[in-house]
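A.B. asks: To start, I am sharing the structure in question, which I have written as structure tokens.
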Amino acid sequence: LRRRLGKRDMPPSVETERPAEGESAAAGATIDGCVPPAAREVSAVRRLNRVQYASAVRDVFGMEIAMRARLPRDEIGEGFDTTADTLVLPPLLLERYLIAAEEIAAELVPPAGPAEPIVVPPERLERRGQGHTRDGLAWLWTQGALTASFEVKRAGRYRITLEAAAQQAGPDMARLAFLLDGAVVREHEVHATPDKPMTITWEGTLAAGERRAGARFLNDFFDPNAGERANRDRNLAVGFVRIEGPLDAPASSPFLERANAIAGAGSTARRLGRVAAAFGEELFRRPLGEAERDALVRTAREASQPAERPAQRTRGREPRKAADTEIAALAKETEWRDGLRILVTALLVDPRFLLRIEKPCKPGEASRALDGNEIASRLSFFLWSSVPDAELRQAARAGELYSSEGVRAHARRMLRDPRARSLSQRFAPQWLGIDGLEYRQMDPKVYPGLDAEVLASMRLETERLFDAVVRGEQPVRAIITARETEIDAALARIYGLEAPAAGRVERRAMHEARPGGVLGPASVLLATSNPPRTSPVKRGKWVLAALLDEAPPPPPPGVPQLPETKGARHG
């Protein structure tokens, strides 16, 4: 209200009764007297959007993750996905954060040994062919296949065992083909009976992903005229399918190696405490207190306590010391990795990570100075869309960010970092209204050849110009005056310019009829158009809102849309 009064656009100019300029100024002064301007700024709580979340995981844990499938798209407020009012945290989203944290932790901390075997019972086998399931066996009466689907989470060496039996008939024994992902690995004669099934085992290397294993019945036989009733029909049965592995050495990861180096020696609790303090400081953007660290360790220890296991038996009179030592070492490593996995999960769902919170003013105060950690957090999330690095956190502790010179020095350093591309990749597309341009569906009859790859090239052209300005390679006025652009072969064809070699991006002079800077690239022209035609109205509104910060008011009621067909637009 106060801003509208100052700009004299409320009440609207079309109203016949409007306050005089002096009355508007008096009303503004009254508001200022009741609520001082400095007191109107309320400390906001901002949730990390999914880009910031992914960037933080990348920078802290060294892991690139695709968040589009894990978290929903963030709401847009005033054109941006960083607006505090829209970054809420409903219970359903918190549940999605928990699932994502568990998946990330599982990738960062692989198991210490083979996972629990996957056992697919006969009831869950997929059947192709006629048959039924009875007495713990899935039967095939005709030639067909019985297969089990399972997920390999880590590539490695695996053992697959299936249980088989047969009802014999005819001159030959029943035969099956062992199937792996639809391919025949080997063939077997099945001589076992349903009361004493046989096991068939395959061992080898599997890649990560969804896999299938099972058996195909190769030689069905049926002779209703056979003398003995039991010798008329040959059938194949499969019991369980069991998958064990990985059988090779325990997997590691860059994060696990770094965590082991930070943890050092000592008890599991002490080691987890050192890791919690180190990674907690990075994720929470400030040092952790002792009580905070101990609470995280307690959570990790309580949630990862192993179930009671039976004592290991040894054969003979003398214990197998080597085997016992190996079992004890595996148990200790399992305890460490399970605790570390829970600790990572707890850090990634902690409100101190998910929310950016700045302390409110004290009662009676209209404003307060930000502390060093808050300044560092603002700098890093604006310039990098990520958490502060070690150098910026050290500057916050040393008080270097309380002066404009210190902030300026670190901002220059951060802009030289590749992470500063976040400004051109996130801020610029949202400011210019071209975010998500590559996902637009274009009418191929109106725009032939305008696929997602070309649309992405359009967006990248505009991002490169903005990035050059941010890094000081071009002056600020280049945003609207630049007469050169960096394009690939796809855009060169659209602009009618000499095309660079395939896969290369080169600088080209713009066509003289094209407006300079961001006023003429295909990305902005497309974003400010209607699907079948251009729109001068949208482009005028875009110039007012994006470039001049003077967005026009909504159109008055009763004004129809322009007709879409070419004939109806004539004149």
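A.B. asks: Mind listing whichever residues of segment 517-545 are open to solvent by less than 30 Å² (accessible area, probe 1.4 Å) and over 24 Å from residue 441 (Cα atoms)?
C.D. replies: 517
A.B. asks: Those residues that are part of a helix (DSSP H, G or I), polar (S, T, N, Q) and under 32 Å from the mean Cα position of the chain (by Cα), I need them from segment 374-414; list them, please.
C.D. replies: Scanning segment 374-414 gives 377, 380, 394.
A.B. asks: Name the residue, out of 71, 108, 89, 98, that is of a type outside the set (Ser, Thr, Tyr), over 27 Å from residue 157 (Cα atoms) and surrounded by 15 or more Cβ atoms within 10 Å (Cβ to Cβ). Explain how you work it out, then say what you get.
C.D. replies: Numbers: 108 fails: over 27 Å from residue 157 (Cα atoms); 89 fails: surrounded by 15 or more Cβ atoms within 10 Å (Cβ to Cβ); 98 fails: surrounded by 15 or more Cβ atoms within 10 Å (Cβ to Cβ).
Of the residues listed, the single one that is of a type outside the set (Ser, Thr, Tyr), over 27 Å from residue 157 (Cα atoms) and surrounded by 15 or more Cβ atoms within 10 Å (Cβ to Cβ) is 71.
A.B. asks: State the number of residues belonging to segment 420-463 that are open to solvent by less than 60 Å² (accessible area, probe 1.4 Å), in contact (Cβ under 8 Å) with a residue 24 or more places away in the chain and assigned to a helix (DSSP H, G or I).
C.D. replies: 18
A.B. asks: On the basis of being over 26 Å from residue 438 (Cβ atoms), open to solvent by 30 Å² or more (accessible area, probe 1.4 Å) and touching a residue at least 60 places away in the same chain (Cβ under 8 Å), does residue 557 make the cut? Break it down stepwise before answering.
C.D. replies: Numbers: over 26 Å from residue 438 (Cβ atoms): yes; open to solvent by 30 Å² or more (accessible area, probe 1.4 Å): yes; touching a residue at least 60 places away in the same chain (Cβ under 8 Å): no.
Against the criterion (over 26 Å from residue 438 (Cβ atoms), open to solvent by 30 Å² or more (accessible area, probe 1.4 Å) and touching a residue at least 60 places away in the same chain (Cβ under 8 Å)), residue 557 does not qualify.
A.B. asks: Could we say that residue 216 is at pLDDT 95 or above, part of a strand (DSSP E or B) and open to solvent by 60 Å² or more (accessible area, probe 1.4 Å) here?
C.D. replies: Values: at pLDDT 95 or above: yes; part of a strand (DSSP E or B): yes; open to solvent by 60 Å² or more (accessible area, probe 1.4 Å): yes.
Answer is yes for this residue.
A.B. asks: Also, quick follow-up: Would you pick out the residues in segment 269-294 that are open to solvent by 20 Å² or more (accessible area, probe 1.4 Å), in a helix (DSSP H, G or I) and over 16 Å from residue 59 (Cα atoms)?
C.D. replies: Within segment 269-294, 269, 270, 271, 274, 277, 290, 291, 292, 293, 294 meet the criteria.
A.B. asks: Residues in segment 116-147 that are over 19 Å from residue 204 (Cβ atoms), among the hydroxyl-bearing types (Ser, Thr, Tyr) and surrounded by 16 or more Cβ atoms within 10 Å (Cβ to Cβ): how many?
C.D. replies: Matching residues across segment 116-147 total 1.
A.B. asks: Among the residues of segment 334-361, count how many are surrounded by 15 or more Cβ atoms within 10 Å (Cβ to Cβ) and in a helix (DSSP H, G or I).
C.D. replies: Residues meeting the conditions: 18.
A.B. asks: Pull out all pairs, ordered by first then second residue, where Cβ-Cβ is under 7 Å, the residues are six or more apart or on different chains, the first lies in segment 475-492 and is free of Cβ contacts under 8 Å to residues at least 60 places away in the same chain, and the second is open to solvent by 60 Å² or more (accessible area, probe 1.4 Å) and among the small types (Gly, Ala, Ser).
C.D. replies: 483/509; 484/509; 489/502
Residues checked against (1) modelled with pLDDT under 95; (2) of a type in the set (D, E, K, R); (3) under 25 Å from residue 473 (Cβ atoms):
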site: 336; (1), (2), (3): yes, no, no
site: 343; (1), (2), (3): no, no, no
site: 367; (1), (2), (3): yes, no, no
site: 377; (1), (2), (3): no, no, no
site: 409; (1), (2), (3): no, no, yes
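A.B. asks: Still on this structure, please answer the following. Residue by residue through segment 148-162, note down the ones that are buried (at least 16 other Cβ atoms within 10 Å of the Cβ), in a strand (DSSP E or B) and among the charged types (D, E, K, R).
C.D. replies: 159
A.B. asks: Next question. Which members of segment 187-213 meet the condition of being among the charged types (D, E, K, R) and either outside any strand (DSSP E or B) or out of contact with any strand residue (DSSP E or B) (no Cβ under 9 Å at 6 or more places or on another chain) (or both)?
C.D. replies: As a first pass, look at segment 187-213 and keep what is among the charged types (D, E, K, R): 187, 189, 195-196, 203, 210-212.
Answer for segment 187-213, where residues must be among the charged types (D, E, K, R) and either outside any strand (DSSP E or B) or out of contact with any strand residue (DSSP E or B) (no Cβ under 9 Å at 6 or more places or on another chain) (or both): just 195.
A.B. asks: So residue 116 fits all but one of (1) within 25 Å of residue 160 (Cα to Cα); (2) part of a loop (DSSP other than H, G, I, E, B); (3) in contact (Cβ under 8 Å) with a residue 12 or more places away in the chain; what number is the exception?
C.D. replies: (3)
A.B. asks: Residues 251, 261: which one is open to solvent by 60 Å² or more (accessible area, probe 1.4 Å), under 38 Å from the mean Cα position of the chain (by Cα), among the aliphatic types (A, V, I, L, M) and closer than 30 Å to residue 56 by Cα? Please lay out each step first, then the result.
C.D. replies: On the way: 251 fails: open to solvent by 60 Å² or more (accessible area, probe 1.4 Å).
Step by step, each of 251, 261 is checked, and only 261 is open to solvent by 60 Å² or more (accessible area, probe 1.4 Å), under 38 Å from the mean Cα position of the chain (by Cα), among the aliphatic types (A, V, I, L, M) and closer than 30 Å to residue 56 by Cα.
The values are calculated or read from the model by the stated rules, or taken from the named source; none is laboratory data. Please read these numbers as outputs of a predicted model, since none were measured by experiment. Cβ atoms come from the backbone with ideal geometry, glycine included; neighbour counts cover every protein chain shown. Each accessible area value is taken on the protein alone, full model and side chains, heavy atoms only, with ligands, DNA and RNA left out. Shrake-Rupley method; radii C 1.70, N 1.55, O 1.52, S 1.80 Å.
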